[in-house]
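Student: Here it is: the structure, laid out below.
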Amino acid sequence: MIRRPPRSTLFPYTTLFRSEIAIKEGITNAVFNSDSKVIINRANGSRPKGKHKNERMDIFQNKVFSLIPQFKYIEFKWIPREQNIIADYYSKQ
């Protein structure tokens, strides 16, 4: 059995950080890719807040929702880890 490395508890905040940098740089169209289905589902609003009683994810979701109106176009896309070659490459550097 192959074990995946544990996820960082800071992972949702990297998405927020990238969003805030895009706003500061004047970027109005953005696509954020991640291999974390939980993060993408929350960012897209497809998992109701409180369903799994995770306060940190509720805070993340609220913050993402507060940033969305600052973009003309924003998309959060899930990329299966096996297909996320670029992220895999940089994670090993």
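Student: Mind checking which pairs have a first residue in region 56-77 that is of a type outside the set (Phe, Trp, Tyr) and a second that is assigned to a helix (DSSP H, G or I), Cβ under 6 Å, 6 or more apart or different chains?
Tutor: Met57/Arg42; Gln61/Arg42; Lys63/Leu16; Val64/Ala43; Leu67/Ser19; Gln70/Ile23; Ile74/Ile68
Student: How do the helices (runs of 4 or more DSSP H) wholly within region 1-83 filter down when requiring 2 or more residues that are of a type in the set (Gly, Ala, Ser), modelled with pLDDT of 85 or more and more than 13 Å from the chain's Cα centre (by Cα): which remain?
Tutor: It comes to none.
The values are calculated or read from the model by the stated rules, or taken from the named source; none is laboratory data. The shown structure was predicted, so the numbers you read here are calculated from the model rather than taken from an experiment. So basically every Cβ, Gly included, is an ideal-geometry build from the backbone, and we count neighbours across all protein chains shown.
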